[in-house]
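Have a look at the structure below, then the notes.
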Amino acid sequence: MIKTSLCGLTADEIHDLTGSDRKHVIAIANCLYKKKISDIMLFQGIPGRVKKELNEKSFPGIYLPVTSKRSSDGTMKFLFRNESGQEFETVLLTEKKRTTVCVSSQSGCRMGCPFCVTGQYGFRGNLSTRDILTQVLGLPGSGKVTHVVFMGMGEPMDNLENVLKACYILSAEWGPAISSRNITVSTVGITPAVKSFLEQSACNIALSLYSPFPEERYRTVPAEKKYPAHEIIDIMKNNRARKKRRISIAYIMIRNMNDTEKHLEGLKALIHGTGIRINLLPYHAIAGDNNISSSPSRMQYFKHQLVISGVSASIRKSKGVDVSAACGLLASELK
Ligand code: SF4
């Protein structure tokens with residue numbers, strides 16, 4: 001009999017698998033997702049008979065990374081390899097009481113953004129819900145994860161089904177119970193998937209913009225041609241009032257490329273009146289790239305000008321997870 005991985009299943013699916021009553025289903029989910037017990041026979045709160053049957057047809061399914069690396073700022077970076085041999089990266093950032101995991105949604109990516117080595121790496125496949133969850137649950141020494149960001153390898157909206165299911169399990173009371181307010185999905189924007197995500201999930205969403213001008217954005221984000229940012233911003237704006245979530249724009253600042261006065265005015269025109277926040281991020285060059293980040297003073301100037309024009313803006317620090325907020329730049333750094 002082929003055994004089923006419990007990791008990746010919802011409480012309803014555990015019920016379908018086991019036929020157990022709700023109390024035992026919740027106990028199984030708790031042992032797996034909260035206590036991360038790696039042996040079903042050590043699960044607590046369920047009768048021995050149920051445990052034995054569960055052990056015959058399933059296995060916990062959380063697996064460990066194959067390697068890891070520590071950055072100078074304390075950020076840990078991990079490489080996972082799933083059963084199909086697909087590799088993907090995960091980042092763990094611990095700051096005071098906040099533990100953030102930056103997860104990948106795909107092995108590689110097919111969006112082809114030229115500034116991103118993940119795009120250049122090619123597309124190796126979508127990650128399963130289990131692969132996504134194991135990046136949160138299988139990190140050695142991570143303790144209680146408080147925040148999850150989908151900013152690693154891949155475009156989450158290109159693997160919507162598994163990303164939605166992972167968000168659902170991560171925020172479920174019977175699961176890791178991470179507040180949906182602390183889960184953020186970053187995207188370059190695939191319009192139908194963004195719509196579905198906003199309808200089906202209460203988690204935060206961040207659009208990577210690069211430029212307020214379509215023809216210029218298209219050169220850094222090819223998806224712009226089919227899925228223009230202004231359409232996605234309209235959808236985000238209209239959804240904003242309906243659910244309490246954070247909707248933001250990630251704007252990576254590159255010197256003399258997208259930090260001119262023209263870009264500032266373009267940003268104001270695009271975002272003013274939407275209520276969407278802009279996060280300004282420093283650029284991190286990839287190998288062979290001559291571009292450099294805008295200076296801290298230029299970033300401050302942008303922030304100030306945006307704020308006094310009525311656009312909410314902030315500058316993000318240049319640490320592990322902020323680097324990864326570039327959607328693929330972190331993966332490119334690791335490569
Ligand atoms: S920037 Fe994001 S969407 Fe673009 S290729 Fe890289 S991982 Fe994919």
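Using a Gaussian network model on the chain with a 10 Å cutoff between Cα atoms, which of Ala206, Ala250, Ala172 fluctuates the most? The residue with the greatest mean-square fluctuation here is Ala172. Angle of helix 160-171 to the longest C-alpha principal axis of the chain, folded into 0 to 90 degrees and rounded to 10: 70°.
I need to check one value: relative contact order of the chain, counting alpha carbon pairs closer than 8 Å and at least 6 residues apart, in percent. Display every interim value, and only then the final one.
Working: 662 pairs, mean separation 49.8, N = 335.
That works out to 15 percent.
What FRET efficiency comes out for the pair Glu199/Ser38, r = Cβ-Cβ distance, R0 = 41 Å, nearest 0.05? Efficiency computed from Cβ-Cβ geometry: 0.70. Applying the Karplus relation 6.51 cos²θ - 1.76 cosθ + 1.60 with θ = phi - 60° to the stretch 299-313 yields 3J(HN,Hα) values of 5, 4, 4, 4, 4, 4, 5, 5, 5, 6, 8, x, 9, 5, 8 Hz, where x marks Gly and Pro.
The order of Lys51, Lys23, Lys237, Lys96, going from fewest to most other C-beta atoms within 10 Å of their C-beta, is Lys96, Lys23, Lys237, Lys51.
Only Cα pairs within less than 10 Å get springs; with that Gaussian network setup on the chain, which residue of Val91, Val307, Val148 has the largest fluctuation? Answer for the Gaussian network model of the chain: Val307.
The Cα atoms of the chain define a convex hull whose projected area, averaged across directions, is 17.1 nm². Estimated at 0.36 nm per residue, the fully extended path between Ala177 and Glu231 surpasses their Cα-Cα distance by 16.2 nm.
The shape of the stretch 152-298 can be summarised by an equivalent ellipsoid whose semi-axes, obtained from the alpha carbon gyration tensor, come to 28, 17, 15 Å from longest to shortest. Remark: the Cα gyration tensor places the stretch 97-192 in the prolate category, a/c being 1.5 or greater and a/b exceeding b/c.
Just Ile37, Ile183, Ile233 to compare: in a GNM of the chain, with alpha carbon springs under 10 Å, which one fluctuates most? Comparing Ile37, Ile183, Ile233 in the GNM, the peak value goes to Ile37.
Considering only the chain, what is the antiparallel percent among its DSSP beta bridges, to the nearest 5? Counting only bridges with both partners in the chain, antiparallel ones make up about 45 percent. Cα gyration tensor of the stretch 60-105, axes a ≥ b ≥ c as square roots of the eigenvalues: rounded (a/c below 1.5), prolate (a/b > b/c) or oblate? It comes out prolate by the Cα gyration axes. Rounded is the label for the stretch 1-50, because a/c, from the alpha-carbon gyration tensor with a ≥ b ≥ c as root eigenvalues, stays below 1.5. Taking every alpha-carbon pair under 8 Å whose residues sit at least 6 apart, the stretch 69-200 reaches a relative contact order of 21 percent. Scaling the Cα radius of gyration of the stretch 38-157 by the globular reference 2.2 N^0.38 Å produces a ratio of 1.22. Relative contact order for the stretch 230-291: 45 percent, from Cα pairs under 8 Å spaced at least 6 residues apart, divided by residue count.
Spin-label model, Thr4/Arg81: points 7 Å from Cα along the beta carbon direction are separated by 2.9 nm.
Work out, step by step, the length gained on full extension between Asp73 and Ile292: first 0.36 nm times the residue separation, then minus their alpha carbon distance; give nm to one decimal.
In short, 76.8 nm is gained.
All of the numbers you see were taken from the coordinates with simple rules; none came from a lab. Owing to the predicted nature of the structure, the values given are computational and were not obtained by experimental measurement. When we count neighbours, we look across all protein chains shown, and the Cβ atoms used for this are built from the backbone with ideal geometry, even at glycine.
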